[in-house]
Structure formats: structure tokens, C-alpha cells
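One structure is given here, and the rest of the page talks about it.
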Amino acid sequence: MALAGPGSQAEFMASRIVVLGGGTGGTLAANRLRRQLAADDVITVVDRDNQHLYQPGLLFIPFGGTAAEKITRSRVRQLHAGVGYCESGADYVETDARRVHLEDGTVLPYDVLVIATGAALLPGETDGLAEATGRGEAFTFYEPAGAVALRDALAQFDGGRIVINVVDMPIKSRWPRSSSASWPTGISVGAESATGSS
Ligand SMILES: Cc1cc2nc3c(=O)[nH]c(=O)nc-3n(C[C@H](O)[C@H](O)[C@H](O)COP(=O)(O)OP(=O)(O)OC[C@H]3O[C@@H](n4cnc5c(N)ncnc54)[C@H](O)[C@@H]3O)c2cc1C
């Protein structure tokens, strides 16, 4: 199958494209590929849930500008016609066999794999931040529960000092710097069949 359309230079044999992660990146990649690839090329997006969160909107929750449900949409409805969807966590990838194993037991063979599983917050990478968050003294608006907690804390704030801290970049991270053992998105990738644990 050939990539078609303006600006395309690559030609590759591909008929099964699996996209891991139905966030902004995965959704855009799948929809653009759908426009460019032939109709008999199969595109499948995999995500754990059907709740697409528009992350930049989180900034407005602490100030009452919006609510989490208003910035959340069905992932499936963001995908163009002709893009398939599997709702399950991706467990592990067998790169030699070109197969993705999902947590629900489904096995998806692929010719091309797009990994768009995003990044995770790692408050433990900043000394004391996780503890202060647990005590209700520090807040992050980078995920819905934190944005709501900050909104509630600001509503009760009656004076004092507020410190705004941008933690060390990257603010989200694919790999914890202190450990090479785990990947926040929970997928293990290997040439040999894995045990399923990650
Ligand atoms: C407060 C805030 C403000 C922002 N403002 C801006 C801005 O102004 N401009 C801008 O460009 N960007 C902004 N961003 C960043 C932008 O939102 C992100 O860069 C973007 O959403 C990342 O998209 P992504 O597809 O890489 O990851 P995500 O959208 O996080 O998607 C990753 C997906 O992978 C899925 N996933 C992960 N692991 C697995 C697994 N094992 N199995 C199945 N599914 C899995 C997750 O469920 C998730 O749906 C902002 C972010 C925040 C939080």
C-alpha cells in the first residue's frame, strides 16, 4: 500500500496499523493516516477508556472556568469513519512477531505500530512534592482530580502565601529518572514473548 496525498514521499507495504493511545497524538495520527492510506488498510486505535480529556482545559478548572466533564469527549467520536477502536489497556508488544497483546486478551497483529501513550506525572521525582500533595498542601492542575482539589482549596483560601512552582522539566516524563524498571504507561516492549507483567 502506498501513502497517497500531497507531500507524501514514502511508500511502504502496510495494511494493518495499530495506534496505542487515543489521546491527542494517537487520534491525530490515526485520522491523518485514514485520509492518506488506502481504504483496505486497517487502522486500529487502542486505549484504556473512552474518555478523551482535552488537557489544556484543565488550566481553567481551578478558576471555575470549566469542569472536567465539559472538557471530556468520547474518544471513539473523535476518530474518523474507518478507524477501528479497541477499548483495553495495551499490556505488551512482541516486536519480532509484530503483535500487541491487550489486557483483555486480544492480540492485534500489526505491520506498523504507532506508540502514542503520552506521558505521566511523576511527583515523586521532586523531593517532598508527593507528600505535600497527600497532605493537601500542594496541588497540580495537570490531571482532573488535582485541578478540582486546587479549585476547592482556592475557594477556601482566606489569605497567606501561595507559591507557584514549575517543577524540573520535563513536567511529565516517559521514564522515571531514578529507576529504569518501569514505564508509567505500563507497556513492556520486547522481542520475546513477555510474561504480561509490566
Ligand atoms: C494544563 C495543561 C495545559 C496544556 N496546554 C497546552 C497548550 O497550550 N498547547 C499545547 O500544545 N499543549 C498543551 N498541553 C499539552 C498537551 O495537552 C499534551 O501534550 C497532549 O495532550 C499529549 O498528547 P498525547 O497523545 O501525547 O498524550 P495523551 O493525550 O496523554 O494520550 C495518551 C493516551 O494513551 C493512553 N494510554 C497510556 N498507556 C496506555 C496503555 N498501556 N494502554 C492503552 N492506552 C494507554 C492514555 O489513556 C491516553 O489516552 C497542556 C497540558 C496540560 C496538562
**Message:** If amide hydrogens are placed 1.01 Å from N in the peptide plane, which non-local residues have theirs closer than 5 Å to the one on V19?
**Reply:** T44, V45, V46, V114
**Complete:** Computed ³J(HN,Hα) along the stretch 92-100: with the Karplus parameters 6.51/-1.76/1.60, θ = phi - 60°, integer Hz and x for glycine or proline, the list is 8, 10, 9, 5, 5, 8, 6, 9, 10
**Item:** Around V114: net Lys/Arg minus Asp/Glu count, Cβ-Cβ under 12 Å
**Value:** +1
**the stretch 107-118 - phi-based ³J(HN,Hα) in whole Hz, Karplus 6.51/-1.76/1.60, Gly and Pro as x** = 10, 10, x, 9, 9, 10, 10, 10, 9, 10, 8, x
**Request:** Please compute the net charge surrounding T27, taking Lys and Arg as +1 and Asp and Glu as -1 over other residues with Cβ under 11 Å from its Cβ.
**Result:** +4
**Request:** Apply the Karplus parameterisation 6.51 cos²θ - 1.76 cosθ + 1.60, with θ equal to phi minus 60°, to every residue of the stretch 62-72 and state each ³J(HN,Hα) to the nearest whole Hz, in sequence, with x for glycine and proline.
**Result:** x, 9, x, x, 7, 10, 4, 5, 7, 10, 10
**Asked** Non-local amide H neighbours of E103 (under 5 Å, H modeled in plane, Pro and chain starts lacking H): which ones?
**Response** G89, A90, D91
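Bear in mind these aren't lab numbers, they're just calculated from the coordinates by the rules spelled out. No experiment lies behind these values; they were computed from the predicted model shown. Because the Cβ atoms are built from the backbone with ideal geometry, glycine has one as well, and the counts that use them run over all protein chains shown.
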